[in-house]
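One structure is given here, and the rest of the page talks about it.
The values are calculated or read from the model by the stated rules, or taken from the named source; none is laboratory data. Values in this document were obtained by computation on a predicted structure and should not be read as measured data. Note that we place each Cβ from the backbone using ideal geometry, even for glycine, and neighbour counts take in every protein chain shown.
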């Protein structure tokens, strides 16, 4: 099952990369356009290895910590103001 999930994620990533237009924008599967594709890496609390997120966003200042907190926090205010599309987590 893990191999299938990884294969699907890679195919989606390749499809989105192919959607990169001349004006350097990326289109998410939901149709929304983003200016940047970021690869963010960092350590989660109590993790034994680094994690990685690949996201589409219009905010080039997003950090691994901000995105991780917006995903895993139970406080909805932690994700206020962040507009991104999560492509891949490792």
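Per-structure values
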read-out: Any chance residue 69 is part of a helix (DSSP H, G or I) and at pLDDT below 85; value: no
read-out: Filtered residues of region 30-66 (kept if part of a strand (DSSP E or B) and under 15 Å from residue 90 (Cα atoms)); value: 38, 39, 40, 41, 42, 51, 52, 53, 54, 55
read-out: Pairs where the first residue, in region 33-53, is farther than 19 Å from residue 73 by Cα and the second is exposed (fewer than 11 other Cβ atoms within 10 Å of the Cβ), C-beta under 8 Å, 6+ apart; value: 35/24; 35/60; 36/60; 38/60
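Each row is one residue, and each column tells you yes or no for (1) within 14 Å of the chain's Cα centre (by Cα); (2) at pLDDT below 60.
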{"residue": "3", "(1), (2)": "no, no"}
{"residue": "18", "(1), (2)": "no, yes"}
{"residue": "23", "(1), (2)": "no, no"}
{"residue": "27", "(1), (2)": "yes, no"}
